[in-house]
Amino acid sequence: MGYYVKVLEGKVVNGINAEASFFDTFVDSSPGTWLETWKDADGESDKRYNYASVGSIYDSTNDAFYQPKNPDWPSWTLDAKFKWQPPVAHPDETVGHQWNEEDQSWDAPE
């Protein structure tokens, strides 16, 4: 069983679980392209970098899926593995710090 998403104008608009052979007889007259995505995608190009879901972005030039940019964090940039990164590294993944866009820093939990 595979995971497939439909891409329309660079955005994932639908998704299904199906066998690859399903597409041999599947008739879909609506616009868009069906592409395979992998739940175990690990940031490498052989699996389109990231697992896609409805709302994900598809970069056809790089054959890569990634999540939309959080509008609250305009300072973050997309890295080479198509993950959004803050301008300052997170101090500790397990502590629960929250990004403070105004101060460009991580706030410790209260």
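Of note:
- Qualifying GluC sites (Glu not before Pro) for the range 1-104 [loop in DSSP, other Cβ within 10 Å: at most 16]: Glu9, Glu19, Glu44, Glu93, Glu101, Glu102
- Across the chain, the longest run free of exposed loop sites, meaning trypsin sites (Lys or Arg not before Pro) lying outside DSSP classes H, G, I, E and B with no more than 14 other Cβ atoms within 10 Å, spans 1-38.
- Ala89/Ser53 FRET efficiency (R0 30 Å; Cβ-Cβ; nearest 0.05): 0.70
- Separation of alpha-carbon centers, the range 63-110 and the range 2-18, rounded to whole Å: 26
- Dipole of the chain computed with +1 at Lys/Arg Cβ and -1 at Asp/Glu Cβ about the Cα centre; of Ser29, Gly2, Pro86, farthest Cα towards the positive end is Ser29.
- Taking a point 7 Å out from the Cα of Gln67 in the direction of its Cβ, the residues of the range 35-53 whose backbone N falls within less than 17 Å of it are 38-44, 49-53.
- Of Asp40, Asp72, Asp24, the one that fluctuates the most in a GNM where the chain has Cα springs shorter than 10 Å: Asp24
- Restriction of the chymotrypsin sites (Phe, Trp or Tyr not before Pro) in the range 1-81 to DSSP coil positions whose beta-carbon has at most 13 other beta-carbons within 10 angstrom yields Phe26.
- Percent RCO, i.e. relative contact order, over the chain, from Cα pairs under 8 Å lying at least 6 residues apart: 18
- Interatomic Cα distance distribution for the range 1-68, bins of 5 angstrom, percent: 4, 19, 29, 25, 16, 6, 1
- A full extension of the chain between Lys11 and Ser75 corresponds to an added length of 20.8 nm, given 0.36 nm per residue minus the alpha carbon distance.
FYI, it's all coordinate maths here, none of it is from the lab. Not measured: the values here are computed from a predicted model. So basically every Cβ, Gly included, is an ideal-geometry build from the backbone, and we count neighbours across all protein chains shown.
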